[in-house]
1. Note down all Cβ pairs under 7 Å where the first residue falls in the range 82-94 and is in contact (Cβ under 8 Å) with a residue 24 or more places away in the chain, the second is surrounded by fewer than 16 Cβ atoms within 10 Å (Cβ to Cβ) and assigned to a helix (DSSP H, G or I), and they're at least six residues apart or on different chains.
2. Got a sec? Which helices (runs of 4 or more DSSP H) wholly within the range 2-112 have at least 3 residues that are at pLDDT 90 or above?
3. Looking only at the range 17-64, count every residue that is among the polar types (S, T, N, Q) and either touching a residue at least 40 places away in the same chain (Cβ under 8 Å) or assigned by TED's automatic domain parsing to the domain that holds ASN108 (or both) and tell me the total.
Amino acid sequence: MPDDEQGFPESLGEIVRRQRELSELSMRQFAALAGISNPYLSQIERGLREPSEHVAEAIAKVLQTSVSALYKEAGIDEERPDSAVADAVAADPDLTPRQRQALLTTYNAFVLANGGARRRRRQRRGAGDPPAGEPPAGDQEASG
């Protein structure tokens, strides 16, 4: 499993970008094959968005691998249950979807920095959340 200079596994987005480049596919070609927009793919590759399970499956299919293999390479533990902190953040009705994502990303970064395994966030929908597989409104532009 490739690690960066600090010894951490690559992020899921970095793995997707590396595999896309090894497949000699442009971002536009890859996004079309996966059925997502170029900006959304760019956000995933840069680590600004974590793909939904549906999008992760589409990406894995294009890369001719499995979602589990991608998560394993990224050091994301699919079996490890979410913590009480992640559950509380996800359930808080006073947070916007962006705030939830920011808090969970920060929390997971602290857990990882302290030697814990990255967790794959379960897809939960709260009031105002977009449908599963879609980024918040205004973040996904039409492919064109």
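The values are calculated or read from the model by the stated rules, or taken from the named source; none is laboratory data. Here the structure is a predicted model, which is why all the values come from computation and not from measurement. Virtual Cβ from ideal backbone geometry, glycine too; neighbours counted across all protein chains shown.
1. ALA86/TYR107
2. Result: 12-22, 27-34, 38-45, 53-62.
3. Qualifying residue count for the region: 6.
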